[in-house]
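For reference, the structure discussed in these notes is given below.
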Amino acid sequence: MTATTPGTAPVVLIAEELAPSVLQVLGDDVEIRHVDGADRAALLPALAEASAVLIRSATQIDAEALAAAPRLKVVARAGIGLDNVDVPAATERGVLVVNAPTSNIVSAAEHAVALLLAAARHIPAADASLRDGKWARSKFTGVEVTDKTVGVVGLGRIGVLVAQRLAAFGVTLIAYDPYIQPGRAAQLGVRLVSLDELLREADFITVHLPKTPETLGLIGRDQLAATKRGVIIVNAARGGLVDEAALAEALQSGQVGAAGIDVYAKEPCTDSPLFGLPNVVVTPHLGASTTEAQDKAGTAVARSVRLALQGDFVPDA
Ligand code: NAD
Ligand code: MLT
């Protein structure tokens, strides 16, 4: 970027906590400002002078936020999901939206596998019980993953990584994804099935869908009722894909044996019917929270922001 006169440097607004490497990549010819993007009353005025805004999942860049940002050239999502950005409204205003679609896929896949294993073996509940002075071995009898059927809902980038990792456990892999070619799935050792078949056959179900009007609530009360009794369900994709209230009921009735949940319909979430249940492992949207993923996501979108502010072509990150 060319040197700028002090006071005329483009304002880059960082609205969430990002890796330190972001600042290095952005360089010193932009003016960095920080705001808590989840605080609307602070975000909207802070956007007034911003040429770029960098966000993760907690900041809503909707039509109102875009209208408050007359100088905005680029919205940079340091991660994958763009469900918190009104992309059509941004496009209408000539604002570029960039993300980092491969930056955190390994971290997200590893987190999903961790949740699945933790749920299968009651690890957090057993840990809490032992710290509480109880040596309760029979209470925490779990299930093996080996020789079971794992159903992957959404066989995209993360779904594939999860399938590849679980293959090492000697499972049968099935997936529901109407947009994937059966040949591609077969190469991965995965049999494509309908959602109904997946619900009927899977001992473990792991959800890796984008949040869209089509996928929201895809796993609701009826679908949970159609699962194998005792199924273990993991959602490290987006809150609301699995209906939280219906899941809590199914966990209470034993229809669902256990669940591992990283994402919630409303975030931040500190109050959910799931939190009081012993057979649920919960984390606060930590799928991408690793040093490596944050570094890759931050660096990729910071590069895109520099290019966009220079008026250069921005390739896919
Ligand atoms: P992706 O786009 O690579 O894969 C999504 C897959 O879902 C695609 O194969 C697509 O064909 C399929 N799909 C779309 N609509 C469908 C439908 N109606 N029914 C069945 N399948 C459908 O996305 P990805 O990178 O694998 O990410 C998956 C999800 O994980 C996204 O929601 C993303 O935001 C989320 N994510 C969460 C975290 C976290 O911190 N928990 C981290 C990274 C990504
Ligand atoms: C994503 O979609 O990339 C995830 O929500 C991870 C994140 O941004 O924290």
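The table below lists the values:
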quantity: Over the chain: helical MRE at 222 nm, DSSP H runs n ≥ 4 each giving -39500 (n - 2.57), nearest 500; calculated: -9500 deg cm²/dmol
quantity: Hz values of 3J(HN,Hα) by residue in segment 13-28 - Karplus curve (6.51, -1.76, 1.60), Gly and Pro given as x; calculated: 9, 9, 9, 8, 6, 10, 4, x, 4, 4, 5, 4, 5, 5, x, 10
quantity: Extension gain from Ala41 to Arg131, taking 0.36 nm per residue of separation minus the Cα-Cα distance; calculated: 28.2 nm
quantity: Separation in nanometres of the label points that stand 7 Å from Cα toward Cβ, at Gln164 and Gln181; calculated: 1.8 nm
quantity: Listed residues Glu144, Glu92, Glu267, Glu110 arranged by accessible area, highest first, probe 1.4 Å; calculated: Glu92, Glu144, Glu110, Glu267
quantity: Cα gyration tensor shape of segment 189-249, rounded if a/c is under 1.5, else prolate or oblate by comparing a/b with b/c; calculated: oblate
quantity: Semi-axis lengths (Å, descending) of the ellipsoid that matches the C-alpha gyration tensor of the chain; calculated: 39, 21, 18
quantity: Shape category assigned to segment 89-179 from the gyration tensor of Cα positions, a/c cut at 1.5; calculated: oblate
quantity: Accessible-area value, Arg56, 1.4 Å probe, nucleic acids and ligands omitted, Å²; calculated: 50 Å²
quantity: Apportionment of accessible area to carbon and sulfur, the chain, percent (1.4 Å); calculated: 53 percent
quantity: Unsatisfied cross-links (Cα-Cα over 32 Å) in the set Lys134/Lys211; Lys139/Lys211; Lys266/Lys296; calculated: Lys134/Lys211; Lys139/Lys211
quantity: Pairwise label distance in nanometres, Gln252 with Thr172, each label 7 Å out on the Cα-Cβ vector; calculated: 3.4 nm
quantity: The chain: most fluctuating residue of Asp243, Asp222, Asp177 per GNM, C-alpha cutoff 10 Å; calculated: Asp222
quantity: Cβ-Cβ FRET estimate between Val25 and Arg229, R0 fixed at 51 Å, reported to 0.05; calculated: 0.50
quantity: Per principal axis, descending, Cα span of segment 2-89 in whole Å; calculated: 35, 26, 23
quantity: Euclidean distance of C-alpha centroids, segment 202-222 and segment 238-266, integer Å; calculated: 10 Å
quantity: Calculated diffusion of segment 43-134, Stokes-Einstein form, Kirkwood radius summed over Cα pairs, 4 °C and 1.567 mPa s, µm²/s; calculated: 83 µm²/s
quantity: Residues whose placed amide H lies under 5 Å from that of Val231, excluding near-sequence neighbours; calculated: Gly257
quantity: Shape call, segment 137-231: gyration tensor on alpha carbons, a/c limit 1.5; calculated: oblate
quantity: Inter-centroid distance (Cα atoms) of segment 284-317 relative to segment 146-172, Å; calculated: 28 Å
quantity: On Cα atoms only, tilt of 291-310 relative to the major axis of the chain in degrees; calculated: 30 degrees
quantity: Sorted peptide list for 33-46, 122-135, 277-290, criterion being average Cβ within 10 angstrom, highest first; calculated: 277-290, 33-46, 122-135
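The values are calculated or read from the model by the stated rules, or taken from the named source; none is laboratory data. Keep in mind that what you see is a predicted model, and the values were worked out from it rather than measured. No Cβ is skipped: glycine too gets one built from the backbone with ideal geometry, and neighbour counts run over all protein chains shown. Please note that ligands, DNA and RNA were not included when accessible areas were found on the heavy atoms of the full protein model with its side chains. Shrake-Rupley method; radii C 1.70, N 1.55, O 1.52, S 1.80 Å.
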